[in-house]
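Right, one structure below, let's go through it.
The values are calculated or read from the model by the stated rules, or taken from the named source; none is laboratory data. None of these values were measured; they are calculated from a predicted model. Here the Cβ is made from the backbone with ideal geometry for all residues, glycine too, and neighbour counts use every protein chain on show.
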Amino acid sequence: MTMLSIRNLHAAVEGKAILKGLSLEVMAGEVHAIMGPNGSGKSTLAHVLSGREGYEVTEGSIVFEGKDLLAMSPEERARDGVFLAFQYPVEIPGVNNVYMLKAALNAIRRHRGEPELDAVDFLRLIKEKAMLVQMDERFLSRAVNEGFSGGEKKRNEILQMAVLEPKLALLDETDSGLDIDALRVVANGVNQLRRSDRAIVMITHYQRLLEHIVPDFVHVLAGGRIVRSGGRDLAVTLEERGYDWLKEEAA
Amino acid sequence: MSTAATANLLPEFERVSASLPGDARVAERRRAALARFAASGFPSQRDEAWRYTSTAGLARRKHSVAIDTPVNLARGRAALAAAGAWDGPQCVFVDGSHRPDLSNAVAAAGLRIRPFAAAVAEDGRIGERFAGWGGEELSPMISLNAAFAADGVVIDVADGAEHGEPLRLLFVMTADVRDRAVFPRVIVRAGQRSSLAVVEQYVGESAADGFTNTVTQIHAGEGARVTHYRLQDESPKAYHVGNLIVSQERASEVVSHSLSFGALLARQDIHIMLSGPESSVTLNGLYMAEGRQHVDHHTRIDHFEPTTRSEEYYKGILGGHGRGVFNGKVVVHQHAIKTDAQQSNKNLLLSNDAEVDTKPELEIYADDVKCAHGATVGQLDEDALFYLRSRGLDESAARALLTYAFAGDILGRLGIARLQKELAARIAGRLPGAAEFLEAV
Ligand SMILES: Nc1ncnc2c1ncn2[C@@H]1O[C@H](COP(=O)(O)OP(=O)(O)O)[C@@H](O)[C@H]1O
Ligand SMILES: [Mg+2]
């Protein structure tokens, strides 16, 4: 079943066109990797999908599970199962990780018509999920991302994904800033979250991540469009040849 | 020059002066204080200390100093219930009058708590002191209180006596009489190495449009530790002017918390005199204004002696057409070497129409001192807002959570769990969307 259908997407930031006719189809159960040089618009795509203000869609459509995603607020998208693991997770002093996640999960559960979790059940759940990304329980009771290292922030993003159980997870450069051990842990966490009714779109600059989370499809974003799609082997080609030959092709 | 605005307080004084407590000498001092108030009237915005705060609305009211009107206890009880439960010792005042029937002050060893009226009647020196010691030069509002102070409380803590359990002084304003004016006076004298915690709380019926003009004097003896809480949560129609005057002897430690949520016009002056070497003071504050509320804190700390320390940490949350004012003056006198004075004031504006004026004022006349101050005015972090929304929190809940978090560290400094809880609920109650997360905090 088609989960996400992006057609001819054009998006601008501060009047500058970034995405120029991007199309992408993602089915439930699939893992897609979007690769591309720095500044090619990968994070822009992630932000447009999650509904961030300041990104103006000038043309095209995004349909998520039959609904017009662009007509929905960020929180409506989240409650319907869209999750973005941020490239740069924000620190929120004074807001406790556990409270934030509990409020988020219960907002999502209310939306789904499920009963809210009480404090005890929630704590049990989050402790179980924290093990998935080998996150020390000490981090749970700290303020959201405050004073976390780059790697800890990325783990925290995947922990949130594990708790919120999205249908569509967008991972924006989840591998950046991770050493090899942390990368294995995070990748292992993501792999355990692969499901037949969940789609994952990984955004990455390097193919390193793809050795650990093996995608079904690899796409190359350059010049604001997907210029090439293929399987796992496309990533290997990119690793060998870089992006320049594709940029030339796109031009 | 126009005549000083005194509303109808001068004729009110003539009407009630015979019923005010104290002997002939006290009466004389009251009259002198009234004359000082009459000479200047309510402060005007030409007065630097009142530049951002207009008393015009206050001066236009036809105040009623209704000390001769019987208290409507049924209304008092209802407002009292809304003030939040308190299972410790407390003195309750309804419309300015002490109510022994609603109070449950304990008589602990070394602790003497007397209603002000009774204390003045039995000890003329208190009368002298309250009218003469109170730093009337600081503000005509203090003179006004000195003239009219009818009730309140006098607390004496004996040398070495330690009282960990906080005492609450609850002042309830009813809407029984329109434009009622009350003038509570609180005097705390903490002996050497004694300790005490006092909570002053001001609440009112929602329709109460009265004027509270209160003066609290604290004297901390050598090595004494005094914690003072001031929770101003009057009705949104009320006028509230408070003065806190603290004098500290050697090695005493005072902590003041000022939390201001209520009143249409709220002005709080805090004057700390670090008169003994090694004395220290911490001032914590949180103020909120919404609608057309105006909240003004003016603090002044005088470092008179060497090795004195002050730390000031104030935060403001302004929404609607709310207006905040913070002025933090620190004077390090010539003699006060090795002074350490830190000040911070942070403000959060929740709407385009909200406003704040914040101004640190440092006057340093001594060498070898450590002074720092910082003031900020900001809005909610858009990145954090988006982050929370992207996790499923709706916008109002996300705003509430971030606003609440902004106030959080001030609450964390309170040190009394039940106050912390009560104020958390109070803050959240003012933030649409907070219900979604409040049970979690
Ligand atoms: N908020 C923003 N304001 C201005 N320019 C932006 C903003 N976000 C992205 N851009 C610009 O859009 C382009 C694409 O950025 P981005 O989507 O972050 O690329 P990538 O994630 O592929 O490295 C870049 O040229 C970047 O400078
Ligand atoms: Mg990026």
Notebook entry, point to check: What number of residues in region B:270-298 are over 13 Å from the mean Cα position of the chain (by Cα), of a type outside the set (Val, Ile, Thr) and either part of a strand (DSSP E or B) or within 17 Å of B:SER139 (Cα to Cα) (or both)?
Noted result: 6
Notebook entry, point to check: Which numbered condition trips up A:LEU19, out of (1) under 15 Å from A:LEU168 (Cβ atoms); (2) in contact with a helix residue (DSSP H, G or I) (Cβ under 7 Å, 6 or more places away or on another chain); (3) within 15 Å of ligand 1 (Cβ to nearest atom)?
Noted result: (1)
Item checked: Matching entry among B:ALA175, B:ALA208, B:ALA146 (being outside any strand (DSSP E or B), out of contact with any Gly (no Cβ under 9 Å at 6 or more places or on another chain) and assigned by TED's automatic domain parsing to the domain that holds B:VAL92) -> B:ALA208
Item checked: Output for region B:229-248, where each listed residue is without any contact (Cβ under 8 Å) to a residue 60 or more places away in the chain, surrounded by fewer than 24 Cβ atoms within 10 Å (Cβ to Cβ) and not charged (D, E, K, R) -> B:PRO236, B:LEU244, B:SER247
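Conditions (1) out of contact with any Leu (no Cβ under 8 Å at 6 or more places or on another chain); (2) facing chain A (nearest Cβ under 10 Å), marked per residue:
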position	(1), (2)
B:ASP368	yes, no
B:GLY378	no, no
B:ARG399	no, no
B:PHE406	no, yes
Next item on the list: Could you check, for region A:112-122, whether at least one of its residues is away from ligand 1 (no atom under 16 Å from the Cβ), among the acidic types (Asp, Glu) and under 20 Å from the mean Cα position of the chain (by Cα)?
Entry: no
Note to self: Restricting to region A:22-54, count the residues that are outside any strand (DSSP E or B) and either away from ligand 1 (no atom under 13 Å from the Cβ) or under 21 Å from A:THR204 (Cβ atoms) (or both).
What the structure shows: 20
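Assess whether A:HIS10 counts as being at pLDDT 95 or above, more than 9 Å from ligand 1 (Cβ to nearest atom) and either surrounded by fewer than 16 Cβ atoms within 10 Å (Cβ to Cβ) or more than 23 Å from A:VAL214 (Cα to Cα) (or both).
yes
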Notebook entry, point to check: Which ones in region B:20-54 are more than 26 Å from the chain's Cα centre (by Cα), in contact (Cβ under 8 Å) with a residue 60 or more places away in the chain and not in a loop (DSSP other than H, G, I, E, B)?
Noted result: B:ARG25
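Conditions tested, residue by residue: (1) modelled with pLDDT of 90 or more; (2) surrounded by fewer than 20 Cβ atoms within 10 Å (Cβ to Cβ).
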residue	(1), (2)
B:GLY41	yes, yes
B:ASP47	yes, yes
B:THR53	yes, no
B:THR69	no, yes
B:ALA78	no, yes
B:ALA85	no, yes
Notebook entry, point to check: Has region B:409-423 got any residue that is modelled with pLDDT of 90 or more, surrounded by 19 or more Cβ atoms within 10 Å (Cβ to Cβ) and within 13 Å of chain A (Cβ to nearest Cβ)?
Noted result: yes
Next item on the list: From A:HIS32, A:HIS47, A:HIS10, grab the single residue that is within 16 Å of the chain's Cα centre (by Cα) and away from chain B (no Cβ under 14 Å).
Entry: A:HIS32
Next item on the list: Residues that are under 28 Å from A:ALA85 (Cβ atoms): find the helices (runs of 4 or more DSSP H) completely inside region B:379-441 holding 1 or more of those.
Entry: B:382-389, B:395-412, B:435-438
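Residue by residue through region A:111-146, note down the ones that are of a type in the set (D, E, K, R) and without any contact (Cβ under 8 Å) to a residue 12 or more places away in the chain.
A:GLU114, A:GLU116, A:ASP118, A:ASP121, A:ARG124, A:GLU128, A:ASP136, A:GLU137, A:ARG138
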Notebook entry, point to check: Among the numbered criteria (1) in contact (Cβ under 8 Å) with a residue 40 or more places away in the chain; (2) under 28 Å from A:GLU116 (Cβ atoms); (3) within 14 Å of ligand 2 (Cβ to nearest atom), which single criterion is violated by A:ARG52?
Noted result: (1)
Checklist line | When residues of region A:101-111 are limited to those that are more than 7 Å from chain B (Cβ to nearest Cβ) and surrounded by 18 or more Cβ atoms within 10 Å (Cβ to Cβ), the one farthest from A:VAL186 (Cα to Cα) | finding: A:ASN106
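Go through region A:56-66 residue by residue and tally those that are buried (at least 18 other Cβ atoms within 10 Å of the Cβ) and more than 17 Å from the chain's Cα centre (by Cα).
Going through region A:56-66 one residue at a time, the tally reaches 1.
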Notebook entry, point to check: Assuming A:ARG195 fulfils every condition listed in (1) in contact (Cβ under 8 Å) with a residue 40 or more places away in the chain; (2) within 16 Å of ligand 2 (Cβ to nearest atom) apart from one, which condition is it?
Noted result: (2)
Check: Looking at (1) away from chain B (no Cβ under 14 Å); (2) away from ligand 2 (no atom under 16 Å from the Cβ); (3) surrounded by 24 or more Cβ atoms within 10 Å (Cβ to Cβ), which is the one condition that is false for A:ASN188?
Finding: (3)
Next item on the list: Go through (1) surrounded by fewer than 17 Cβ atoms within 10 Å (Cβ to Cβ); (2) touching a Leu at 6+ places or on another chain (Cβ under 8 Å) one by one and return the number of the condition A:GLY177 breaks.
Entry: (2)
Item checked: Elements of type helices (runs of 4 or more DSSP H) contained in region A:137-245, each with 2 or more residues being within 23 Å of A:VAL26 (Cα to Cα) -> A:150-164, A:180-192, A:208-212, A:232-241
Next item on the list: Those residues that are of a type outside the set (A, V, I, L, M, F, W, C) and within 14 Å of chain A (Cβ to nearest Cβ), I need them from region B:334-366; list them, please.
Entry: B:LYS346
Check: Here is a list of conditions, (1) modelled with pLDDT of 95 or more; (2) touching an Asp or Glu at 6+ places or on another chain (Cβ under 6 Å), and B:HIS98 meets all of them except one; can you say which number that is?
Finding: (1)
Note to self: For A:LYS153, only one of the following conditions fails: (1) away from ligand 2 (no atom under 16 Å from the Cβ); (2) over 25 Å from A:PHE64 (Cα atoms); (3) not hydroxyl-bearing (Ser, Thr, Tyr). What is its number?
What the structure shows: (1)
Next item on the list: Give region A:55-90 a look and list any residue that's part of a loop (DSSP other than H, G, I, E, B) and within 9 Å of another protein chain (Cβ to nearest Cβ), or say none.
Entry: A:SER73, A:PHE86, A:TYR88, A:PRO89, A:VAL90
Item checked: Residues that are among the basic types (Lys, Arg) and within 13 Å of ligand 1 (Cβ to nearest atom), drawn from region A:197-240 -> A:ARG225
Check: Of (1) at pLDDT 95 or above; (2) away from chain B (no Cβ under 14 Å), A:GLY15 satisfies all except one. Which?
Finding: (1)
Check: Within region A:168-185, which residues are in contact (Cβ under 8 Å) with a residue 60 or more places away in the chain and away from chain B (no Cβ under 13 Å)?
Finding: A:LEU171, A:GLU173, A:THR174, A:SER176
